[in-house]
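Here it is, the structure, as structure tokens.
The values are calculated or read from the model by the stated rules, or taken from the named source; none is laboratory data. Computed from a predicted model, the values in this text were never measured in an experiment. Positions of Cβ are backbone-derived with ideal geometry, glycine not excepted, and every protein chain shown enters the neighbour counts. All accessible areas refer to the heavy atoms of the entire protein, side chains included, with ligands and DNA or RNA removed. Shrake-Rupley method; radii C 1.70, N 1.55, O 1.52, S 1.80 Å.
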Amino acid sequence: QSVQFGPTELLDEGASWFHPIVDLVIGLTFAFLVIAVVRKRVGLLHTFGGAALFVALFELARALFGLFLTHATQLNLVYGSLSRIIAVILWIYYVSLTLLLAMCFVRVWHESLHRGELGELVHAPDNA
């Protein structure tokens, strides 16, 4: 007998090796966004801490959205074919909200380390 190994078996629900790779890609994408988009230089500890938070929130959003989709069969009765568009818009909203929350966490965490008891620390200019 020949063993069938195709794309459907590769991305099957039982493919436990694929899930951490997707999480790693999502985390690295978040880290790239922080490095490329943020105007202030943020340390790697803050960047990857925010990436870990984003991946955790993304996984939570994915689980809750899957639960929502399993129980949202009534949407199809009300909205018909537009229910899929509504579901995609909701997913985009959830993911953008988690991205914004993780970016805010990185900024607050970074600024809290540069703040003393009396306020923001003043750094002497480099050319002094």
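Summing +1 for each Lys or Arg and -1 for each Asp or Glu, what net charge is found among the other residues whose Cβ lies under 13 Å from the Cβ of Tyr94? All intermediate terms of the calculation are to be shown ahead of the outcome.
Numbers: positive: Arg62; negative: Glu59.
Surrounding charge for Tyr94 is 0.
Please calculate the 1.4 Å probe accessible area of Thr29, with all protein chains present, and give it to the nearest 10 Å².
70
Please work out how much length the chain gains when fully extended from Leu28 to Glu111, using 0.36 nm per residue of separation minus the C-alpha to C-alpha distance, in nm with one decimal. Don't skip to the end; give the middle numbers.
On the way: separation 83, 0.36 × 83 = 29.88 nm, distance 2.21 nm.
Net length gain for the segment: 27.7 nm.
Per-residue HN-Hα couplings for region 74-83, Karplus 6.51 cos²θ - 1.76 cosθ + 1.60 at θ = phi - 60°, whole Hz, x for Gly and Pro?
5, 4, 5, 5, 7, 9, x, 6, 6, 5
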